[in-house]
Amino acid sequence: MNIIGPDALVFGVDDVDACTKYLTAYGLEPVGDGRFEALDGTAIVLRHRSDASLPAAMETGNMLRQVVYGVADEATLGEIAGELAHDRQIQRLAGGAIEAQDDLGFPLKFQLTVRRQLDLPGELVNAPGAPPQRGPNQIGVWEEMPAKPRTLSHVVCFVPDIAAAEAFYVKRLGFKVTDRLLNAGPFLRPAGTQDHHTLFFIQTPPFMKGCEHFAFHMGGPTELMLAGTRFVKAGYQSFWGPGRHKYGSNWFWYFNSPLGCHVEYDADMDLHDDEWAPRETPMSPEASQAFLFEHREKWAPGGPPPGGRKPGH
């Protein structure tokens, strides 16, 4: 099945205004009707949690109400509808989109993808032994770099039954396991992308079921660091990072949010094809990150204060 990845995540939130300010400061573009888009049109959609148009809330009250997957063509929509109709109710919408639930009760929607093709350069670096990558006219002023989210990367969910969650996406929808953190869960990618993962599950007690975090891809580590620094300066609280993961090897920076989950910037995720052999290792701080930084205010080394050093110093 040619499922590309998440086109949108739909949230039913308590405070629409606070979430609107948050997503705008994060770098998404408000385009109307509660939709906040990355550069390629993938999005977060906000509704108040009482909005009758939303799918029913999960029993845990998690604010994630629907994961919208983009697919490449109508044939894939037909394939998905045929597969899921065997054992569950599906709903066909205008334009051929399909709504259903997965085996753990997460509401899903499948649609022809809204993703716009991007033609943007990635981050370039100079390294000894490699050809020069930047000329004098290409060196940007960091303070003016837009550093906008490019595309919705992945969603991570707490689930009480890892085996059931994995089986549904692998056996029913053709996702591939790329790697696995033992005592946590599997990294999964659908057939229509080579991203290391668009979905990850973490085993938790039932009362925690729901979205743990979502992430958007940035253009590179520099964009990630700039966007995260601006987000901190806007008053939002860093949760984890910046740093670099081992599995997927993507750069990361997570933040607390009013959406009932964490929100991540990521960059430079590994790409894999069907020849890739999954790895596995026990979950631990060492397995989760190659290195970790902490944000601090800018500073510069300098000499003694004007007038020289005070006596005794």
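The values are calculated or read from the model by the stated rules, or taken from the named source; none is laboratory data. Note that the coordinates shown come from a computational prediction; the quantities given were computed from them, not determined experimentally. All Cβ positions, glycine included, derive from the backbone under ideal geometry; neighbour counts span all protein chains shown. Accessible surface is based on the protein model in full, side chains and every heavy atom, while ligands, DNA and RNA are left aside. Shrake-Rupley method; radii C 1.70, N 1.55, O 1.52, S 1.80 Å.
Values as computed for the structure displayed
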item: Rounded if a/c under 1.5, otherwise prolate or oblate - the stretch 30-81, Cα gyration tensor axes; result: oblate
item: Relative contact order computed over the stretch 1-142 (Cα-Cα under 8 Å; 6+ residues apart), in percent; result: 25 percent
item: Separation of the M283 and A72 label points, Cα + 7 Å toward Cβ, nm; result: 3.3 nm
item: Whichever lysines have a C-alpha closer than 30 Å to that of K21, once near sequence neighbours (fewer than 8 apart) are set aside; result: K109, K148, K209, K233, K298
item: Counting DSSP beta bridges with both ends in the chain, the antiparallel % (nearest 5); result: 65 percent
item: Where only alpha carbons of the stretch 112-185 are counted, the Rg and the Dmax (Å); result: 20.1, 54
item: Antiparallel content of DSSP bridges confined to the stretch 179-309, in %, to 5; result: 65 percent
item: Using θ = phi - 60° and Karplus 6.51 cos²θ - 1.76 cosθ + 1.60, couplings along the stretch 205-222 (whole Hz; Gly, Pro as x); result: x, x, 5, 9, 3, x, 6, 8, 7, 10, 9, 10, 6, 9, x, x, x, 5
item: Over the chain: helical MRE at 222 nm, DSSP H runs n ≥ 4 each giving -39500 (n - 2.57), nearest 500; result: -4000 deg cm²/dmol
item: Inter-centroid distance (Cα atoms) of the stretch 143-222 relative to the stretch 1-26, Å; result: 15 Å
item: GNM top mover of P107, P205, P301 - the chain, alpha-carbon springs below 10 Å; result: P301
item: Lys, Arg +1 and Asp, Glu -1 on Cβ, resulting dipole of the stretch 114-250 about Cα centre, debye, nearest 20; result: 240 debye
item: Degrees, to the nearest 10: 74-84 long Cα axis against longest axis of the chain; result: 70 degrees
item: Candidate aspartates and glutamates for bridging to K171, where Cα separation is under 17 Å - those fewer than 8 sequence places away on the same chain excluded; result: E79, E83, D87, D102, D103, D161, D179, D274
item: Residue of L118, L108, L23 that the Gaussian network model of the chain assigns the largest fluctuation, springs spanning Cα pairs under 10 Å; result: L118
item: Among beta bridges that DSSP assigns inside the stretch 1-46, antiparallel share in %, nearest 5; result: 60 percent
item: Choice from S284, S53, S153 with maximal GNM fluctuation in the chain (Cα, 10 Å cutoff); result: S53
item: The stretch 224-296, relative contact order [Cα under 8 Å, separation at least 6], %; result: 33 percent
item: Computed accessible area, V232, all protein chains, 1.4 angstrom probe, square angstrom; result: 40 Å²
item: The chain: Cys lacking any partner C-beta under 4.7 angstrom; result: C19, C157
item: Chain lengthening between N183 and D274 when straightened (0.36 nm per residue, less Cα-Cα); result: 30.3 nm
item: Interchain or long-range residues, amide H under 5 Å from Q101's placed H; result: L108
item: Solvent exposure, largest accessible area first (probe 1.4 Å, DNA, RNA and ligands not counted), of M63, M1; result: M1, M63
item: Cα gyration tensor category, rounded, prolate or oblate, for the stretch 1-102 with a/c compared to 1.5; result: oblate
item: Contact order normalised by residue count of the chain, Cα under 8 Å, 6+ apart, percent; result: 18 percent
item: Equivalent ellipsoid dimensions for the chain as semi-axes, Å, which come from the Cα gyration tensor, largest first; result: 37, 22, 21
